[in-house]
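Nothing in this text is a laboratory measurement; each read-out follows from the coordinates by a stated rule. The model shown is predicted, which means the values in this text are computed figures rather than measured ones. FYI the Cβ positions are ideal-geometry reconstructions off the backbone, even for glycines, and counts take in every protein chain you see.
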Amino acid sequence: MVVRTIARLTLATLFGHRRGLLLYVLPAVLIGLSLLLTFTVDDKGDLAKAIMQQFGLAVILPLVALIAATGAISSEIDDGSIVYLLSKPINRSTIILTKALVALGVIFGLGVVPIVVSGLVLDPGDVQTALAFGVGALAAGIAYTAIFVALSVMSGNAVTIGLFYSLLWESLMGQYVDGAKVLSIQQWSLALTRQLADVPVDAAVKLPLATLLLLAVTLAGLGLAISRLRSLTLSSAE
Amino acid sequence: MSVIRIEKVSRWYGNVVAVNDVTMTIGPGVTGLLGPNGAGKSTLITMMAGFLPPSVGSVTLDAVAVWRNVSAYSEIGLVPETEAVYDTLSGTDFVRANAELQGLTDAGAAAAAAISVVAMEDAAGRRISTYSKGMKQRIKMAAALVHEPSVLLLDEPFNGMDPRQRLHLMELLRKMGTEGRTVLFSSHILEEVQQVATHIEVVVSGRHAASGDYRAIRTLMTDRPMLYRLRSSDDRRLAAALIADPCTAGADLDGTALQVRVIDFERFSRLVPQLSRELGIRLFEVSPTDESLESVFSYLVGSR
């Protein structure tokens with residue numbers, strides 16, 4: 001009952017405001033681009049993989065995750081409406097986990113599924129690779145959610161910091177700078193994708209380590225978010 | 001019956017002291033937390049609501065600390081000053097959500113009851129974003145009341161209300177108080193507080209300046225020396241006659257007017273017209289010069 005109410009309130013905040021529209025724009029751009037390329041490019045050799053990885057996983061997914069996860073909690077903390085959740089006899093872990101799940105659901109629908117769809121649009125023959133990217137994207141989505149939820153509880157500038165992190169670290173460094181790759185969620189999730197895909201995929205980290213790191217980041221992020229929410233102080237007007 | 005106890009509490013932010021060594025006990029009935037803006041009222045209420053730990057000292061509800069004590073919220077109803085609510089929801093949905101979060105078994109009925117208590121039935125179906133400030137305040141009140149808490153904390157609840165809504169809320173608070181709930185609200189307007197509160201706590205500059213029923217506070221405030229400004233046809237003669245009477249403590253003449261320090265207002269108010277008649281002096285102006293709330297407060301603090 002309580003979980004359903006928290007989820008409902010979270011969705012109302014996420015999609016009730018204009019920022020929610022961005023959540024639809026990003027996957028629309030990904031799928032739109034894929035459609036455009038299908039009809040215009042003749043040599044589609046590695047195109048599906050390239051789009052899913054370099055645009056879907058590296059750019060669209062972190063951005064969708066950022067908007068969904070910060071929108072699920074940061075905006076309520078910013079405007080103070082979180083007080084209606086916090087002034088209730090509810091465990092702080094319930095609040096964080098519910099909000100993280102809602103964010104993850106949104107990321108799945110508007111980040112993970114569109115990546116699979118774009119792969120299928122570009123290469124309808126290779127369902128396995130598309131699904132492999134889907135699994136990788138879901139794993140990355142879980143870790144991103146944990147990071148951005150923690151960031152939201154810890155900082156008033158969660159969106160700005162998160163934006164720098166997604167665009168600079170994940171989209172740029174995580175793709176092109178060797179040392180940074182090892183510490184990039186994107187590369188960890190690629191290790192999962194590599195295992196399942198039908199085509200060769202590069203990943204900077206091996207699967208066992210990648211799984212371990214994904215788990216560690218997720219648990220640390222959620223744990224941190226819960227403990228910080230427990231002692232969140234609401235600033236008074238004075 | 002719930003009791004909030006604030007014991008030797010100070011709270012500072014960096015170098016700024018917001019609350020300075022305050023001790024007070026708030027029991028059943030309506031208590032008004034009175035003080036000028038920036039006096040530390042919100043900080044105190046935020047601490048009572050468990051959203052801010054005191055830097056030193058303790059804030060307890062029925063002898064249990066409130067900070068990081070989630071179960072206390074079964075007893076507390078909070079009307080925060082912040083205007084932000086889930087304003088994409090309708091009033092009913094918002095109050096109902098609060099009932100559900102409190103874990104009430106029949107959230108729908110509880111929400112309907114709370115909405116009727118604040119007389120918001122007509123607008124409850126509308127989105128909160130279409131509400132006026134006073135209506136928002138009432139729907140927030142309904143959300144705080146929905147689980148029938150024994151403690152009700154309200155931060156500046158009268159802000160933005162029109163006179164009719166104000167009267168309605170006052171009546172509501174009085175009713176809550178007589179039901180035996182512990183009701184605490186903050187305000188910077190003495191008239192507001194004295195109309196509802198059976199007990200008043202005054203804070204000024206983070207310090208606890210006075211405590212008592214409204215008569216005691218009122219007396220404290222009106223019995224202080226007050227500065228009056230008089231203009232008349234003969235300021236000098238009037239000054240001489242006024243200073244001869246024990247109701248004044250001093251008089252200053254400047255070019256344009258006469259400033260008199262009054263220590264017994266009742267006597268002074270009878271003396272002035274009487275003197276004017278006897279001496280044949282025409283009065284052009286008699287006005288208090290420091291009636292602002294701030295000066296009343298600074299007097300209260302200075303007297304400690």
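A Förster radius of 30 Å combined with the Cβ-Cβ distance from B:Glu179 to B:Arg231 puts the calculated FRET efficiency at roughly 0.05.
Summarising the amide proton neighbourhood of B:Gly77: residues at separation of 5 or more, or on other chains, whose placed amide H is nearer than 5 Å comprise B:Val151, B:Leu152, B:Leu153.
Using DSSP H assignments, which helices in chain A have an axial alpha-carbon span of 30 Å or above and a mean Kyte-Doolittle hydropathy of 0.0 or higher? Walk me through the numbers on the way to the answer.
Working: long enough: A:19-40 (32 Å, 1.88); A:127-154 (40 Å, 1.82); A:207-230 (35 Å, 1.68).
Membrane-span-like by this criterion, though nothing is claimed about a membrane: A:19-40, A:127-154, A:207-230.
Net charge of the neighbourhood of B:Leu104, taken over other residues with C-beta under 10 Å away and scored Lys/Arg +1, Asp/Glu -1, is -2.
Note on the protein assembly as shown: Cα Rg divided by 2.2 N^0.38 Å, N the number of residues, gives 1.32. Each Lys or Arg adds one and each Asp or Glu takes one away; over the other residues whose Cβ falls under 10 Å from the Cβ of B:Thr25, this sums to -1.
Estimate the FRET efficiency between A:Asn91 and A:Leu183 by the formula 1/(1 + (r/R0)^6), using the beta-carbon distance for r and 25 Å for R0, to the nearest 0.05.
On the way: r = 32 Å, r/R0 = 1.29.
That pair, A:Asn91 with A:Leu183, gives E of 0.20.
Using a 10 Å cut-off on Cβ to Cβ distances, tally the other chain neighbours for every residue of B:83-90 and report the average as a whole number. Kindly include the intermediate steps, with their values, before the conclusion.
Details: counts 3, 9, 5, 11, 6, 8, 5, 0.
Partner-chain Cβ atoms within 10 Å, mean over residues of B:83-90: 6.
Per the Kirkwood treatment, what hydrodynamic radius in Å, one decimal, follows for chain B from the mean inverse distance over all distinct Cα pairs? Intermediate results must be reported in sequence, preceding the final value.
Values: mean 1/r = 0.0462 Å⁻¹.
Here the Kirkwood hydrodynamic radius works out to 21.6 Å.
Every helix of 4 or more DSSP H residues in the protein assembly as shown counts as -39500 (n - 2.57), and over all residues that averages to -16000 deg cm²/dmol at 222 nm. Each of B:Leu145, A:Leu183, A:Leu209 has some number of other Cβ atoms within 10 Å of its Cβ, and from fewest to most they run A:Leu209, A:Leu183, B:Leu145. Among A:Arg228, B:Arg164, sorting on how many other beta-carbon atoms sit within 10 Å of each Cβ, with the fewest leading, yields B:Arg164, A:Arg228.
For B:Lys8, the lysines whose Cα comes closer than 23 Å to its Cα, not counting residues fewer than 8 places off in the same chain, are B:Lys41.
The HN-Hα couplings worked out from phi for region B:162-170 by the Karplus form 6.51 cos²θ - 1.76 cosθ + 1.60 (θ = phi - 60°) are 7, x, 5, 4, 4, 4, 4, 5, 4 Hz, whole numbers, x standing for Gly and Pro. Counting beta carbons within 10 Å around each of A:Ile147, A:Ile90 and listing the fewest first gives the order A:Ile90, A:Ile147. Near the amide H of B:Arg181, within less than 5 Å, lie the amide hydrogens of B:Gly29, all on another chain or at least 5 residues away, with H placed in the peptide plane.
Relative contact order for chain A using alpha-carbon pairs under 8 Å, separation at least 6, rounded to a whole percent? The partial results should precede the final answer.
Details: 332 pairs, mean separation 56.6, N = 238.
About 24 percent, as a whole number.
Per-residue packing, averaged as other Cβ atoms within 10 Å, sorts the ranges B:86-92, A:18-24, A:217-223 into the order B:86-92, A:217-223, A:18-24, beginning with the highest.
Between B:Val203 and B:Leu34, B:Gly35, B:Ala209, the built amide H atoms are under 5 Å apart, and every one of these is 5 or more places off in sequence or on another chain.
Taking every residue in A:73-84 and counting other chain Cβ atoms within 10 Å of its Cβ, the average works out to 4. Computed over the alpha-carbon atoms, chain A gives an Rg to Rh ratio of 1.00, Rh here being the Kirkwood radius from the mean inverse distance. Just round it to a whole percent: the fraction of Cα-Cα distances in region B:225-290 exceeding 17 Å. Looking at region B:225-290, the distances longer than 17 Å represent 27 percent of pairs. Annotation: lysines with alpha-carbon distance below 20 angstrom to B:Lys133 (same-chain offsets under eight excluded): none found.
If you average the sequence gap of Cα pairs under 8 Å that are 6 or more apart and divide by the length of chain B, what percent do you get for the contact order? Working shown, then result.
Details: 584 pairs, mean separation 62.2, N = 304.
It comes to 20 percent, rounded to a whole number.
Over 23 Å apart at the Cα level, from the set A:Lys88/B:Lys140; A:Lys49/A:Lys99; A:Lys88/B:Lys136; A:Lys49/A:Lys181, are A:Lys49/A:Lys99. Principal-axis analysis of the Cα atoms of chain B puts helix B:107-117 at an angle of about 20° to the longest axis.
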